[in-house]
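The values are calculated or read from the model by the stated rules, or taken from the named source; none is laboratory data. Note that this is a predicted model, so its numbers are computed, not measured. Note that we place each Cβ from the backbone using ideal geometry, even for glycine, and neighbour counts take in every protein chain shown.
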Amino acid sequence: MINNQSNLSPQKIAYVAYVAVILFFLELPVIVVVLASFSDTSYLTIPPQGLTLRWYDEVLSDARYMSAIYTSVKLALCATIISLVLGTAASYALIRKKVPFAATISSAIMAPLIFPAVVIGVALLQFYSLIGIRGHFLTLVLSHVAITVPYVVRSVMSTMAGTDFTIEEAARTLGADALTAFRLVTLPMIRPGLIAGGLFSFIISFDNVPVTIFLLNVREITLPVKIFTAIEHGVDPSIAAISSIMIFVTGAFLVFAERWIGFHKFA
Amino acid sequence: MPALSIKQLRKTYGATTAVDSFDLDVAEGEFVSLLGPSGCGKTTILRMVAGLITPDSGQIVIAGKDVTHVPVHKRNVGLVFQSYALFPHMTVFDNVAFGLRRNNLAEDKVKERVITVLSKVRLEGLEDRFPKQLSGGQQQRVALARAIAPEPTILLLDEPLSNLDKQLRMNMQIELKRLQRDVGVTTIFVTHDQSEAMAMSDRICVLESGKTQQIGVPEDLYHRPENKFIATFLGRSNSFTASIGKSVSGKLVQLDLDEGIQILATASDKVASSGKVHVTIRHETVKISKNPPDKSKALNRFKGKVIYRAFSGSIIDYVVTLDDGPEFLLEATNVDGERHALPGAEVWISFEAGAVLVNELGDQ
Amino acid sequence: MTNRLRIWLNASGIGLLSPLAIVLLLAFIAPVLIMFPTSLHPYTPGVGIGEGWTLENYVEIFSDSYYHEVILRSLGMAFSVMIFTIIIGCPLAYFLARMQSRARNWLVLLVIFPLLLNLVVRSFGWIALLSKHGLINDVLLSIGMIDEPLKLIFNLTGLIIGMTHIFLPFMVLLVMGSIQNIPVDLEEAAAVLGSNRTRVFFSIILPLSIPGLLSGSILVFILSISALVTPRLLGGPTYKVISTLIYDEFMQLLNWPAGSALAFVLTLIVLVVIWATGRFSKRWMAHLT
């Protein structure tokens, strides 16, 4: 047991120092990217030479980055909403109903979590090419539902399993039909799971590269894929700037989600 | 027309039969308990009446209307769950108003009704609390208020008192019974606690393995059990197997217990035939005394030795081993507060012929 | 009849499940299955995918030394990443699991933060650190530890460093979860019975945290061997692993049959790892209960 107050032995100090080093290692690339984004040079230098916000200005006034952000947000929102609806319905069925082959079905729903993303990507590329809808926005949304729905199902099922089903039955005996009982009673009770699932879903969809990169058309490109191709063409501080923006947004998002629902419990 | 009429109800889960050929008629305003050990099917019956479970076969008629295939939300039954199942995200007011709002009652009428019902369960002033902020007894009363607010045709209670501590349970028994009489709602009460069932019910239906064992007023069940299960299930008793001996008079018959003593019992059609029977003698019908009791007062009297004595306030429990005979458990009333008949003491025990309950031996 | 169908759809939950099932069928199951016939077609550069059926794509993967090198490299990399995340992650996991201060949740969030941060951004951070004129080489040169820049990127070293960082949070969170499930009483009981700290760790903590350690290890291994973005960015266009090779077959060479065959080989590796560890952990769990 770690007891913070009492007898600081040398071993304990060494242990705490080790933990601090590991935590520093975890945040190191983040720190480096943020530092590099302020450099006044046209090439990447750390520590930054000079101090400027001009890379941020450049990125934020670049129409290609703006349209990539728009595409990413639109895609993540569509995928998250559909995932939440379908995933919640499926979770409800798996927990409350007598589903035949329930174990197999839930494994199939969870499979995209561990299935090689690149394989899903190329399979979808070929499938959508074959039926002639490659590059359509809908194909992206459908694929993102498949890769985000496991997160929704996982969060929703764990919250739902902890709720007393008789509460919904009570609503039914008081005259509420199945849908009303779900809406007025079950839904508010599983709210933390829905929020966590939705947040996860949004992040996973927004961040995805290995599936998305195979399905994009030339006009619509997502932000991570845009940064990915930018890096392949050569690194410069503008990439650090757009990356830093993502770092700030992710950080703010995490703090907000923690305050809202205690996000660490769902990780 | 009965308020509730159940005919030939049956429900199976795979190979196990939860409820089998169950019949019950409940009169308007009556309080009927379904009593039995856990797994006897009592909750399944209650849930079928509520509409939460669909029966395999049979019929449920509420106020003359066949509701067997009517969905739960259209049955107008009130159900109080063992866990109370209060809506955790709603205030007491919104909990109680839930059923009223489903009936599209105007909001001022809802308010009026909620206030009335809350005062009936003595929870005035707690409208804005959330369930988590209430004690167990208060939560239980909210559950009750929520169930009776929409004026259900039938009130169903699923072990509503089992989560309360003993003292509170006694108070709630009285309060619940009063409320039920006051509102006049037909009530089905599911419990495994026999004293609770006997204290509150107009009639009790005892269930075992999905089948009715006996239905009747509590006194009938207790004093005139129809079978061995009822005789041993209700109250605390001594059980024996015996052979029917000679008839002593028109009114009395001699029974030879397997343990080697003879006792006298009141003759009835159950003991008319010869053969093996089951004998039940309740603890409180056995008297204990230092001197041999007058034969005119107790036909059955035996000498024995106290081997165990437990004082628990108003009553004292004894275990007495008869000379050349079985052990008897008995319960005496504490009358004088003295330490009588300590272990090792030589005593007499006695009981009336009418206290001997005789039933068919059954399968084993 | 339709009424009975409706009741059955409702009671069995099939009605609620089918919308998701259809999406999964169209966006996961069918596409993966349809790729299999493709992997059995011949491919001629410049001409395209042929009509006939052949096992050639698979034969080549198992006989060609270039494929061997890439597959072995991928396996070695995934295995190394797994080992490093165990070594680095477990002490942190134990620390966080047994920490009682209120700061704990925020330290856990420090572990979650890189996990949520975009993979491309994290990989980019490692490019800035590891490249020839990156921070690490600059620092080492300036303090005189080295005379010329180390080659830390576009090779195995760079891949392992970057991927260890990227998958470390998974290991920490899973092991932390399983240590939290071990009652502190057990450790105290062992200590009372005279075990020292090391004995307590090896006799109580380690065996009981095996489930978390095992699932963390499988996850890290699988994710490492399937990863595309980080190997692509830190390995560059020439230093290849299976997944980047699949990417090239599809996006640059347009040899879909070979890419499909390679995709199935990767899937097979993942499935075998899951199956094997599943058997192992089943035996382990049987031993525990």
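Please tell me if A:Val141 is facing chain C (nearest Cβ under 7 Å) and either surrounded by 21 or more Cβ atoms within 10 Å (Cβ to Cβ) or not in a helix (DSSP H, G or I) (or both).
no
Residues to consider are B:Phe81, B:Phe93; find the one that is more than 13 Å from every other protein chain (Cβ to nearest Cβ), within 22 Å of B:Lys132 (Cα to Cα) and crowded, with 18+ Cβ neighbours inside 10 Å.
B:Phe93
List the number of the failed condition for C:Pro37; all other conditions in (1) free of Cβ contacts under 8 Å to residues at least 12 places away in the same chain; (2) surrounded by 12 or more Cβ atoms within 10 Å (Cβ to Cβ); (3) within 13 Å of another protein chain (Cβ to nearest Cβ) hold.
Here C:Pro37 meets the rest and fails (2).
Hey, can you tell me all the residues within segment C:223-244 that are of a type in the set (Val, Ile, Thr) and either more than 12 Å from the chain's Cα centre (by Cα) or surrounded by fewer than 24 Cβ atoms within 10 Å (Cβ to Cβ) (or both)?
C:Val229, C:Thr238, C:Val241, C:Ile242, C:Thr244 - these are the residues of segment C:223-244 that are of a type in the set (Val, Ile, Thr) and either more than 12 Å from the chain's Cα centre (by Cα) or surrounded by fewer than 24 Cβ atoms within 10 Å (Cβ to Cβ) (or both).
When segment A:231-244 is examined, which residues are found to be buried (at least 21 other Cβ atoms within 10 Å of the Cβ) and within 11 Å of chain C (Cβ to nearest Cβ)?
A:Pro237, A:Ile239, A:Ala240, A:Ile242, A:Ser243, A:Ser244
So, in segment A:250-267, how many residues would count as being at the interface with another protein chain (Cβ under 10 Å from one of its Cβ atoms), surrounded by fewer than 20 Cβ atoms within 10 Å (Cβ to Cβ) and among the aliphatic types (A, V, I, L, M)?
Of the residues in that region, 2 qualify.
Report yes if C:Tyr58 is more than 9 Å from chain A (Cβ to nearest Cβ), aromatic (Phe, Trp, Tyr), within 23 Å of the chain's Cα centre (by Cα) and assigned to a helix (DSSP H, G or I), otherwise no.
Considered against the rule, which asks whether it is more than 9 Å from chain A (Cβ to nearest Cβ), aromatic (Phe, Trp, Tyr), within 23 Å of the chain's Cα centre (by Cα) and assigned to a helix (DSSP H, G or I), C:Tyr58 comes out as no.
I'm told C:Gly212 meets every condition in (1) part of a helix (DSSP H, G or I); (2) surrounded by fewer than 23 Cβ atoms within 10 Å (Cβ to Cβ) except one. Can you identify the failing condition by its number?
Exception for C:Gly212: condition (2).
For the list (1) hydroxyl-bearing (Ser, Thr, Tyr); (2) within 13 Å of chain C (Cβ to nearest Cβ); (3) in a loop (DSSP other than H, G, I, E, B), I need the number of the one condition that A:Ser72 fails.
The failed condition is (3).
Taking segment A:151-198 as the search range and keeping residues that are polar (S, T, N, Q) and closer than 18 Å to B:Leu100 by Cα, which one is surrounded by the most Cβ atoms within 10 Å (Cβ to Cβ)?
This residue is A:Thr173.
With the condition kept exactly as written, say whether any residue in segment B:56-72 is at pLDDT below 95, within 10 Å of chain A (Cβ to nearest Cβ) and farther than 26 Å from B:Gln213 by Cα.
The answer is yes; a qualifying residue exists.
With (1) within 14 Å of chain A (Cβ to nearest Cβ); (2) over 30 Å from A:Ile147 (Cα atoms) as the list, and C:Tyr66 as the residue in question, which single condition is left unmet?
Against the list (1) within 14 Å of chain A (Cβ to nearest Cβ); (2) over 30 Å from A:Ile147 (Cα atoms), C:Tyr66 comes up short only on (1).
Name, by its number, the condition in (1) outside any helix (DSSP H, G or I); (2) more than 30 Å from B:Val114 (Cβ to Cβ) that does not hold for B:Met198.
Evaluating B:Met198 over (1) outside any helix (DSSP H, G or I); (2) more than 30 Å from B:Val114 (Cβ to Cβ) leaves (1) as the failure.
Examine segment B:168-187 for a residue that is under 30 Å from B:Leu234 (Cα atoms), modelled with pLDDT of 90 or more and assigned to a loop (DSSP other than H, G, I, E, B), and state whether such a residue exists.
yes
Table: residues versus (1) exposed (fewer than 15 other Cβ atoms within 10 Å of the Cβ); (2) out of contact with any Lys or Arg (no Cβ under 8 Å at 6 or more places or on another chain).
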{"site": "A:Leu51", "(1), (2)": "yes, yes"}
{"site": "A:Ala68", "(1), (2)": "no, no"}
{"site": "A:Gly87", "(1), (2)": "no, yes"}
{"site": "A:Pro112", "(1), (2)": "no, yes"}
{"site": "A:Ala117", "(1), (2)": "no, yes"}
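Out of A:Ala108, A:Ala93, which single residue is within 18 Å of A:Val211 (Cβ to Cβ) and facing chain C (nearest Cβ under 7 Å)?
Exactly one of A:Ala108, A:Ala93 is within 18 Å of A:Val211 (Cβ to Cβ) and facing chain C (nearest Cβ under 7 Å), namely A:Ala108.
Based on what the data block shows, is B:His89 assigned by TED's automatic domain parsing to the domain that holds B:Gly14 and assigned to a loop (DSSP other than H, G, I, E, B)?
yes
Please determine whether any residue of segment C:181-201 is of a type in the set (Val, Ile, Thr), within 30 Å of C:Gly46 (Cα to Cα) and either within 11 Å of chain A (Cβ to nearest Cβ) or in a loop (DSSP other than H, G, I, E, B) (or both).
no
Working carefully through the options A:Leu23, A:Leu51, find the one that is at pLDDT 90 or above and hydrophobic (A, V, I, L, M, F, W, C).
A:Leu23
Restricting the first residue to segment A:72-89 and requiring it to be under 25 Å from A:Arg219 (Cα atoms), which pairs with a second residue that is among the aromatic types (Phe, Trp, Tyr) meet a Cβ separation below 7 Å and a spacing of at least six or different chains?
Cβ pairs passing all conditions: A:Ser72/A:Phe206; A:Ala76/A:Phe202; A:Ala76/A:Phe206; A:Thr80/A:Phe202.
Tell me, please, whether a residue that is among the small types (Gly, Ala, Ser), surrounded by fewer than 22 Cβ atoms within 10 Å (Cβ to Cβ) and touching a residue at least 24 places away in the same chain (Cβ under 8 Å) can be found in segment B:210-233.
no
Under 9 Å by Cβ, and 6 or more places apart or on different chains, what pairs join a residue from segment B:11-26 that is outside the structural domain of B:Asp56 (by TED's automatic domain parsing) and surrounded by 14 or more Cβ atoms within 10 Å (Cβ to Cβ) with one that is in a strand (DSSP E or B) and not aromatic (Phe, Trp, Tyr)?
Final answer for the pair search is none.
Mind listing whichever residues of segment B:333-364 are assigned to a strand (DSSP E or B), under 29 Å from the mean Cα position of the chain (by Cα) and buried (at least 19 other Cβ atoms within 10 Å of the Cβ)?
Once the filter is applied, which keeps residues that are assigned to a strand (DSSP E or B), under 29 Å from the mean Cα position of the chain (by Cα) and buried (at least 19 other Cβ atoms within 10 Å of the Cβ), segment B:333-364 yields B:Ser350, B:Phe351, B:Val356, B:Leu357, B:Val358, B:Asn359.
Just name the residue that is nearest to the other protein chains (Cβ to nearest Cβ) out of those in segment B:135-168 that are charged (D, E, K, R) and crowded, with 20+ Cβ neighbours inside 10 Å.
B:Arg146
Identify, by number, the condition in (1) loosely packed, with under 14 Cβ neighbours inside 10 Å; (2) within 10 Å of chain A (Cβ to nearest Cβ); (3) over 25 Å from the mean Cα position of the chain (by Cα); (4) closer than 22 Å to A:Ala123 by Cα that C:Ala21 doesn't meet.
That leaves (1) as the condition not met.
In segment B:306-319, is there at least one residue being assigned to a loop (DSSP other than H, G, I, E, B), without any contact (Cβ under 8 Å) to a residue 60 or more places away in the chain and buried (at least 19 other Cβ atoms within 10 Å of the Cβ)?
no
Each row is one residue, and each column tells you yes or no for (1) in contact with a Leu (Cβ under 9 Å, 6 or more places away or on another chain); (2) polar (S, T, N, Q); (3) assigned to a helix (DSSP H, G or I); (4) more than 9 Å from chain A (Cβ to nearest Cβ).
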{"site": "C:Leu72", "(1), (2), (3), (4)": "no, no, yes, yes"}
{"site": "C:Ile83", "(1), (2), (3), (4)": "no, no, yes, yes"}
{"site": "C:Ile88", "(1), (2), (3), (4)": "yes, no, yes, no"}
{"site": "C:Tyr94", "(1), (2), (3), (4)": "no, no, yes, no"}
{"site": "C:Ala97", "(1), (2), (3), (4)": "no, no, yes, yes"}
{"site": "C:Trp126", "(1), (2), (3), (4)": "yes, no, yes, no"}
{"site": "C:Leu129", "(1), (2), (3), (4)": "yes, no, yes, no"}
{"site": "C:Ile136", "(1), (2), (3), (4)": "yes, no, yes, yes"}
{"site": "C:Met145", "(1), (2), (3), (4)": "no, no, no, yes"}
